[in-house]
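Engineer: Mind looking over this structure? Questions follow.
Coordinate-derived values only; no laboratory data. Just so it is clear, the structure is predicted and the values come from calculations on it, not from any experiment. So basically every Cβ, Gly included, is an ideal-geometry build from the backbone, and we count neighbours across all protein chains shown.
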Amino acid sequence: MEGLVAGIRGGERRALAKAITLIESLRVEDDHPAAALLEALASGSGTALRVAISGPPGAGKSTLIEALGLRAVAHGIRTAVLTIDPSSRRSGGSILGDKTRMPRLSVHPLAFIRPSAAGMTLGGVARRTRETMTLLEAAGFGLILVETVGVGQSETEVDGMVDLFALVLLPNAGDELQGIKRGIMELAGLVLINKADGLFTAAAELTQAQVRAALPLLHRDEAEGGWQPRVLLVSALEERGIEEVLESMLEYRRVMTASGALTERRLSQAGVWMWDRVHDGLRRQFLKDPEVRRLVGELEPSVRRGEVGAVAAAERLLQVFCGGGNGNHVGNH
């Protein structure tokens, strides 16, 4: 453990990769060492700028992230990218091919890219995204970019893990805006209209005007920490507007730090993190209980055949787990 901690603090890639694998592990015997590792590194976290990059499929998030990462490392900012890949509901597998779409950034000595599977986790993130960011901060990365699965109803979950939420849209996004949940637009501190080049330039400018007009209606309260959401035109393919995006992100950190809003946001997120860990721990203890596992083997087939109601089966399992006997007194608590 001491060697792993020292390696991470020294920025060693091998140590960092091993540590991320450890905290993502589903093996019960890895729970304690993973928690001990995070505790040992807690004092070195909290210094990086964490940015979520979300948007609909085809918006060019990966290309934009690579261009942004290359610009950041050119300024000497060590940059880490966490890409979240959707998992199959049938097989549980993921392709994890996002890294191949960032060939130049993936080989840069100041960059680190880690693809992770979303698994059963909602919110466009992976099971241990928060913990991974803690490790990256301890390893000395100054900018952490989280590419989410894509825009959906639960994408707002990632906002509780990062400092800044950036939404990537395409030109002619009028109909697209209707499909994006209002909550996503309310959270966005930056809206990036990508592919603003060639024949799409005029359409991108129109979309920028439309989004700028819509944002005041969504952000009715005073600007959080003094920050006003910005709508920027970018071309990830031609790498135009990328410098302005990076400057806006760094300006966001300066404004939010000066007002104290960034510290307050991190502390609030820590409370949410605590309860998420509690819920995850309870679920794992529940599934590990031998009596629960035995009863699940009996009840689940009966529920699927329609012989036992789902609510009644859940109540019996909970009663057994909480020490309520054999679960024959359903609904009495």
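Engineer: How much FRET efficiency would the formula 1/(1 + (r/R0)^6) give for residue 275 and residue 304, where r is the Cβ-Cβ distance and R0 is 22 Å, rounded to 0.05?
Structural biologist: 0.10
Engineer: How do the peptides 303-310, 250-257 rank, highest first, by the average count of neighbouring beta carbon atoms within 10 Å per residue?
Structural biologist: Descending packing order for the listed peptides: 250-257, 303-310.
Engineer: Could you order peptides 103-112, 269-278 by the average number of other Cβ atoms within 10 Å of their residues, highest first?
Structural biologist: Ranked from most to least packed, the peptides come out as 103-112, 269-278.
Engineer: Calculate the radius of gyration of the Cα atoms of the range 235-330 to one decimal place, then report Dmax, the largest Cα-Cα distance, as a whole number, both in Å.
Structural biologist: 24.6, 67
Engineer: Residue-wise, which Karplus ³J(HN,Hα) couplings in Hz belong to the range 54-69, taking 6.51 cos²θ - 1.76 cosθ + 1.60, θ = phi - 60°, and x for glycine or proline?
Structural biologist: 10, x, x, x, x, 6, x, 4, 5, 5, 5, 5, 5, 4, 5, x
Engineer: Under a 5 Å amide H to amide H cut-off, with H placed in plane at 1.01 Å, what residues pair with residue 146 once short-range neighbours are removed?
Structural biologist: Here 51, 52, 53, 82 satisfy the definition.
Engineer: Here is a follow-up. Highest first, please rank the peptides 159-168, 49-58 by the mean number of other Cβ atoms sitting within 10 Å of their residues.
Structural biologist: Output ranking for 159-168, 49-58: 159-168, 49-58.
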